[in-house]
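Read the figures in this text as sums done on the coordinates, not as results from a lab. The shown structure was predicted, so the numbers you read here are calculated from the model rather than taken from an experiment. Neighbour counts are summed over all protein chains in view; Cβ atoms, including those assigned to glycine, are modelled from backbone coordinates with ideal geometry.
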Amino acid sequence: MPALAHKTVGPDVSPPAPPQAPSDFGAKAYVVTRLRVTAFRNYASAGLDPTGRPVVLTGPNGAGKTNLLEAVSLLAPGRGLRGAQVSEPDRRADPATKVDAPQAPWAVAARVAGPTGAVDIGTGRDPEAERRLVRIDGHPAKSQQALGAHVSVVWLTPQMDRLWLDGAGARRRFLDRLIFGFDPAHAGRVSAYEQALRQRARLLKEQGQSADPAWLDGLEVQMIERGVAIAAARREMADRLDRACRQAEGPFPGARIGLSGDLDGWLADGSALAAEDRFATALKQGRARDAETGGAQVGPHRSDLAVRHAVKNLPADQCSTGEQKALLIAIVLAHARLAAAEKGAAPILLLDEVAAHLDQQRREALFGRLIDLGLQAWITGTERGAFGGLEGRADFFRVEAATIAPDPLI
């Protein structure tokens, strides 16, 4: 990958050697074959060169394993697996030495291979503004949304163990991330809808019933057009996942998947045009109430992902902790199968501390499915022994004190 100038993005590194011959894991999946980070979290400069197989990162807590997963997550559109603001990944003072880190902007550079070939991606904070920059094959991209055409990334983190218990917003974001792999433009629609929603709320709060009707009408048209498209994409993905997840897969339970919300119900009952009309009426009639409460009482921002255990017919939030985790994994695996079959490219999976939260049967079943599906999963854990099922079938690296080293089996 060409070196990226300091005032754009990406570490100043020499061009890499030609990528290794693609393995079976690149046949129907995106894979990272080179990763470099600079001034990123606890790393001054570091990198690794996977072969395309699953990647196992082991080491003590706080060594920087999750930071590497976050770096990979930032190869796709969005704020990454931590939902970080643009400047948050900048390297900070070393807590052990109290020595301040140089105030350089963070940067991530990678080579990502897929069914159509390899692409070099660079992304990082603009040193002159609070924004994220992206380069693809050395050329500036207009926005980070361009990344969606070159890579898809899905993640599971320990914080997501509460996905079925916490608010609907986290579940919507999870479903949207699954959609990005099929429809990269979905990210732009979500962003545009949320912007129009915020502008309408601010206008109603500041001016109430005296707000310019034409201005309100214009914002609501944007919300309606994008909102119905968002809801339709979510409904389609939920329906496809529901069909793919009904049957149990080994120790992972079958799942029933749907959506709840006014807009979702309107789409289920009629056409998209009819849903647009009902949405428009609801927004106009709700202006006085929305001026008092903020936001809008109707829209895709009010939808929720509804998941049930297929055999027990229980909502996910009423299942045991282990079953909730297993349902989440079952959905991610089903999504990967759909992406490989329909798009020719399954996403990169980032599985942070997943082995510590699964019993041995489910852990070994998960590793087997990753191999069978040909996925590149980046998996973290403190002890290598938890990953016996991947010995000889994955790339192992040891992470300690912000250093990365290959960890071959001795």
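Things to note:
- Proximity of backbone amide H atoms, modeled 1.01 Å from N, is registered between A310 and G254, A255, R256 at under 5 Å, excluding neighbours fewer than 5 places apart on the same chain.
- The angle between the Cα long axis of helix 213-245 and the main principal axis of the chain comes to about 50°, on a 0 to 90 degree scale.
- Computed packing ranks the peptides 391-401, 65-75, 205-215, 247-257 as 65-75, 247-257, 391-401, 205-215, most packed first, by mean other Cβ atoms within 10 Å.
- For region 248-254, backbone phi angles converted through the Karplus equation (6.51, -1.76, 1.60; θ = phi - 60°) give residue-by-residue couplings of 5, 10, x, x, 8, x, x Hz, Gly and Pro being listed as x.
- Scalar couplings 3J(HN,Hα) for region 338-353, obtained by applying the Karplus form with A = 6.51, B = -1.76, C = 1.60 to θ = phi - 60°, are 4, 5, 5, 6, 9, 9, x, 7, 6, x, 6, 9, 10, 10, 8, 6 Hz; x denotes Gly and Pro.
- Against the main long axis of the alpha-carbon atoms of the chain, helix 185-207 sits at an angle near 50°.
- Net charge contributed by nearby residues that have their C-beta within less than 15 Å of L358 (K/R +1, D/E -1): -4
- Each label point was placed 7 Å from the Cα along the Cα-to-Cβ direction; for D359 and K205 their separation is 4.9 nm.
- Greater than 32 Å apart at Cα, pairs in K284/K343; K28/K312; K205/K325; K142/K343; K28/K65; K205/K343: K284/K343; K28/K312; K205/K325; K205/K343
- Along principal axes, Cα extents of region 204-278, largest first, whole Å: 60, 26, 15
- Calculated P(r) tail over 24 Å for region 259-410, as whole % of Cα pairs: 56
- Residues whose amide H lies under 5 Å from that of A29, counting only those 5 or more places away or on a different chain, are A346; hydrogens are built 1.01 Å from N in the peptide plane.
- For region 128-139, 3J(HN,Hα) per residue [Karplus equation, 6.51 cos²θ - 1.76 cosθ + 1.60, θ = phi - 60°, Hz, x = Gly/Pro]: 10, 7, 7, 8, 9, 9, 9, 10, 10, 6, x, 9
- Amide H to amide H, with H built 1.01 Å from N, V55 comes under 5 Å of A377, W378, I379, D395, counting only residues 5 or more places away or on other chains.
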